[in-house]
1. If the cut-off is a Cα-Cα distance under 24 Å, which lysines reach A:LYS162, setting aside same-chain residues fewer than 8 apart in sequence?
2. Work through the residues other than A:LYS145 whose Cβ is under 13 Å from its Cβ and net out their charges, Lys, Arg +1 and Asp, Glu -1.
3. Can you work out the accessible area per residue across chain B, with the rest of the protein chains kept in place, probe 1.4 Å, in square angstrom?
4. Going by amide H atoms built from the backbone, whose H comes under 5 Å of the H on A:ALA12, apart from near neighbours?
5. Please report the equivalent ellipsoid semi-axes of region A:42-135, computed as sqrt(5 x eigenvalue) of the Cα gyration tensor, largest first, in whole Å.
6. Considering the options A:GLN116, A:GLY64, A:VAL143, tell which one lies farthest towards the positive end of the dipole of chain A, charges being +1 on Lys and Arg and -1 on Asp and Glu at the Cβ, about the Cα centre.
7. Between A:ARG32, A:ARG75, A:ARG44, which gets the highest mean-square fluctuation from a Gaussian network model of chain A, Cα cutoff 10 Å?
8. Take the alpha carbon atoms of region A:55-119, find their center, do the same for region B:192-220, and report the distance between the two centers in whole angstrom.
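The values are calculated or read from the model by the stated rules, or taken from the named source; none is laboratory data. Everything quoted here is computed from the prediction, not taken from an experiment. Here the Cβ positions follow ideal geometry from the backbone for every residue, glycine too, while neighbour counts run over all protein chains shown. In case anyone asks, the SASA skips ligands and DNA or RNA and just uses the protein heavy atoms, side chains included. Shrake-Rupley method; radii C 1.70, N 1.55, O 1.52, S 1.80 Å.
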Amino acid sequence: MNEPAQPKLRVATTSLAGCFGCHTSFLDIDERLLELLKHIEFDRSPLTDIKHCGPCDIGIIEGGVCNAENVHVLREFRANCKILIAIGACAINGGLPAQRNHLSLAEVLEEVYHAQHGLVDGFIPNDPELPLPLDKVHPLHEVVKIDYFIPGCPPSADAIWKVLTDLLDGREPELGHDLIHYD
Amino acid sequence: MINTFTLDGMSIPFSEGQTIIQAAMAAGVYIPHLCFNPQFKPHGSCKLCTVKVNGRQSSSCTHQALSGMVVESNTTQINDERRMLLQMLFVEGNHFCPSCEKSGNCQLQATAYELHMMSPHFDQFFPDRAVDASHPEYLLDFNRCILCSLCVRASRDVDSKNVFALSGRGIKSRLIVNAKSGLLADTDFCGDDKAANVCPVGVILKKRIGFAVPIGQRSFDEQPISASPHPVMKEV
Ligand code: SF4
Ligand code: SF4
Ligand code: FES
């Protein structure tokens, strides 16, 4: 097959306060990944292990923002990516991690590290390398501008494929009834 | 002579006394709506059913059909406004669909799919609302209430029980249970009540059947809400 005339688009991906389910769903595009790789190359991503996001055409972010490091990574993506996509329920509305928003952070830490049954001499970790948790978990669009959203928990591989191929073909991404899901 | 009006250019027949949405539904044309249910008197509160009647915005669930009127519904401008109303409903409550028993059977969610709501757009309120699990058979998860008043109307007008009421004003509006304790267990609410089977979202839920039909095989997974606005839910 001929090489595409156009230079490959650079794509970065990351998971913030997410479970990697959206990345797993992305990999579920299966052999279409090979087709995709004819048109894109990965920058920072769990697939490449590149640690920082450089200038990119598309950034794809799974998970909401639950700690200070998430905010830094999200801003780095926004500064470097021409198009930023929020993927999955957590990135879009906080999702499962945001279910802690109804409890105070102190209560949560106390319960998880100290008070919970079965913990012996538990203490709240305070290593300076650990990012500080935020008071509340937030969706991405509350912190930076997001250009496109792929809802779902996780979105299906077909939904992700549809959005990426729409963008690669220069179309406005659109998910029909079979592909738009919040669950 | 048959009375007709036009809706997005189509000629819609109606009979005396019908509202725009009733006539449209009878003709098989979908107008998005949440607080309207054909079995009840309209409430006119959610404004999802807003249309333009001879150029002026009005709720199609309360506006009577008149001969010759020109109604616009499926336009970019009206759908943009409807989507914004949906986004406000989503952020005002706590709608975590992946863990909601109603997901796939929910009219709020299905309407949001229909109107291509890709994100809630606004900042989340994350309000604190307690769940009422006091009743042995039913659960009330107020986190998802959109204040459509259908349970209020059903309990009052069909069941003659007045179990539910809307209380407060504006952003402080909330659904309450008419009992001294405020708990459902202390009312005469029961599963045969109309009010037990009318909530368009995931507030009034029968216990222990939540995932009998798996997510992905539910009413609005199979057909968009525009094809079947009030399907008989596949619940045991
Ligand atoms: S009530 Fe509807 S919109 Fe709300 S969480 Fe449940 S399925 Fe989602
Ligand atoms: S509980 Fe359900 S039916 Fe009752 S007002 Fe809330 S959303 Fe409407
Ligand atoms: S359906 Fe008409 S105002 Fe709610």
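1. A:LYS8, A:LYS38, A:LYS82, A:LYS145
2. Working: positive: A:ARG75, A:ARG78, A:LYS82; negative: A:GLU142, A:ASP147.
Within the 13 Å Cβ shell, the charges total +1.
3. On the way: 11030 Å² over 236 residues.
Roughly 47 Å² per residue, with all protein chains present.
4. A:ASP43, A:ILE58, A:GLY59, A:ILE60
5. Ellipsoid semi-axes (Å, largest first): 31, 16, 11.
6. Result: A:VAL143.
7. Comparing A:ARG32, A:ARG75, A:ARG44 in a Gaussian network model of chain A, the most mobile one is A:ARG32.
8. 31 Å
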